[in-house]
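Asks: Pasting in a structure now, in structure tokens, and then I'll have a few things to ask.
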Amino acid sequence: MSVQAEQSIICMAIRNNARMQDCDLEPYEFESWQNQEIFKVIQTLVNAGKVADLVTVVEALEDACPGQEFAPYLATLVEESWSINSFEQCCEIVRDDFRKMQAMEIANDLKRGLESGDQSNAVDTAIQQLMSLNRAGRNYDHDMRSVMAAGIRLVDQAMDAEGLLGVDTGLADLNDCLGGFHSTDLIVIGARPAMGKTALMLNLALAAKESVGIISAEQGHEQMGLRLISIEGNLDSQKLRTGGFYDEEWDTLQKAVRRLSAKNIRVNDEPGISISGIIRQARDWKFKYGIKALYVDYLQKIRATDKRMKRHEQVGEVAGLLKNLARELEIPVIALAQVSRECEKRPNKRPLNSDLADASEIEKEADEILFLYRDEVYNSDSPDKGIAEIDISKNRHGPTGTVRCVFVGKFMQFKEIAPKTYQEQYGGAS
């Protein structure tokens, strides 16, 4: 079917050169070598502003392929070739058949690689090639009609989702400001140690209600498991670590474990993982599990591709590649980041963009920058005990500002502020 579609494309293009403006095919996507050469000549002539008719195409083919006879085939093709499909449909047929052949070649290469014993490399290569093949089918050139149609689709989606276009954060005020975490965005969450940024990340991942992936370069999956059980089960994290919980709490723990086990969350806890390793893992998760978001703990822990680069260059490369990954997989990437101790030297210790380690490189790549701050970490008599602030210091899509929420330390939970409930249960200010 592909060869017939190729012949129809050539026939229609020679009869009306203007059709080439609607064709984004490349010669290598044609199955027949003859059709490849003919289409290449037509493409070259049209791009040069020349007429591509039967005479000029045959002359150009004689120059490009000396010794090959194209005239009889081309004359028959132009006179007799026809199709019930439109030009655009024929182009789609050729593109689809080409991608099918490419996919079969990738599958065959994977089979040979597995048989040779190089399983890890064969699988990684196949996943990367399939992802590239998928991207090759996308159209990146849009007129204003398609741009407006895409914009209206987002408006419709926002209305249907009551304003939440992105991945749910679990915090209504944060959703109101950001609209959730949006696909293709790099979101950086910065904080000093002990503020609870890893706990916040886990709360966000659980709230997503989607298939998500977590890269944990900071702690192992065992410790992460304890934190998740504490969050999900309203169980004291210290008791979980020491085994000091009561018998009646065991049932609560088991129920939390069953709920968590059913969630589609993937975790990679490889120590010192490289940015290349993260990209491979994220592609694999996207291909196998369709992840809707990726959470990374934390940005400055990720190894760059070249250790010889200066530190700020390494961080810049990691941030840039995480942003590219978000665009490639069409998911939000939420990366935690360490904040320098310079903020602790100021009377107001709330971090600023400049406090991010290697700030300029991160700020350049991030679509949103959030800072987590809890005043009680520095002030034991703070009137805001149990309150966490999430400062939106950069937001490419909307307003900046500060969102306040409840932090329940013993459960590792971040919750929306409900004054009466909070005071009754936890005894803090709201």
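Asks: Within region 338-358, take every residue that is of a type in the set (A, V, I, L, M) and either crowded, with 20+ Cβ neighbours inside 10 Å or not assigned by TED's automatic domain parsing to the domain that holds P193 (or both) and give me the one that is modelled with the highest pLDDT.
Replies: V339
Asks: Looking at region 260-281 only, could you name the residues that are in contact with an Asp or Glu (Cβ under 8 Å, 6 or more places away or on another chain) and not in a loop (DSSP other than H, G, I, E, B)?
Replies: L260, I275, G277, R280
Asks: Somewhere in region 249-258, is a residue at pLDDT below 90 and touching a Ser or Thr at 6+ places or on another chain (Cβ under 7 Å)?
Replies: no
Asks: Taking interchain pairs and intrachain pairs at least six residues apart, which have beta carbon atoms under 9 angstrom, with the first residue in region 241-268 and in the same structural domain as R283 (by TED's automatic domain parsing) and closer than 17 Å to W285 by Cα and the second at pLDDT 85 or above and of a type in the set (F, W, Y)?
Replies: N264/Y289; R266/W285; R266/Y289; N268/W285
Asks: Among the candidates A64, A107, single out the residue that is at pLDDT 85 or above and loosely packed, with under 15 Cβ neighbours inside 10 Å.
Replies: Result: A107 is the single residue among A64, A107 that is at pLDDT 85 or above and loosely packed, with under 15 Cβ neighbours inside 10 Å.
Asks: Here is a further query. Which of the residues spanning region 338-366 are under 30 Å from the mean Cα position of the chain (by Cα), in a helix (DSSP H, G or I) and of a type in the set (D, E, K, R)?
Replies: Within region 338-366, D355, E361, E363, K364, E365 meet the criteria.
Asks: State which residue pairs qualify: first residue closer than 11 Å to V333 by Cβ and assigned by TED's automatic domain parsing to the domain that holds I265 and inside region 275-301, second residue surrounded by 22 or more Cβ atoms within 10 Å (Cβ to Cβ) and among the charged types (D, E, K, R) in any location, beta carbons under 9 Å apart, and separation of 6 or more residues or different chains.
Replies: Sorted first by the residue in region 275-301, then by its partner, the pairs are L294/K286.
Asks: Additional query: Would you confirm whether or not region 71-86 contains a residue that is loosely packed, with under 12 Cβ neighbours inside 10 Å, in the same structural domain as E37 (by TED's automatic domain parsing) and charged (D, E, K, R)?
Replies: yes
Asks: Please specify each residue of region 193-227 satisfying the condition of being among the hydrophobic types (A, V, I, L, M, F, W, C), outside any helix (DSSP H, G or I) and buried (at least 18 other Cβ atoms within 10 Å of the Cβ).
Replies: Passing the criteria: M195, A208, V212, I214, I215, A217.
Asks: Before we move on, is D185 within 24 Å of E363 (Cβ to Cβ) and either touching a residue at least 40 places away in the same chain (Cβ under 8 Å) or outside the structural domain of E330 (by TED's automatic domain parsing) (or both)?
Replies: yes
The values are calculated or read from the model by the stated rules, or taken from the named source; none is laboratory data. Every value quoted in this text rests on a predicted model; they were computed, and no experiment measured them. Neighbour counts run over all protein chains shown; Cβ positions are idealised from the backbone, glycine included.
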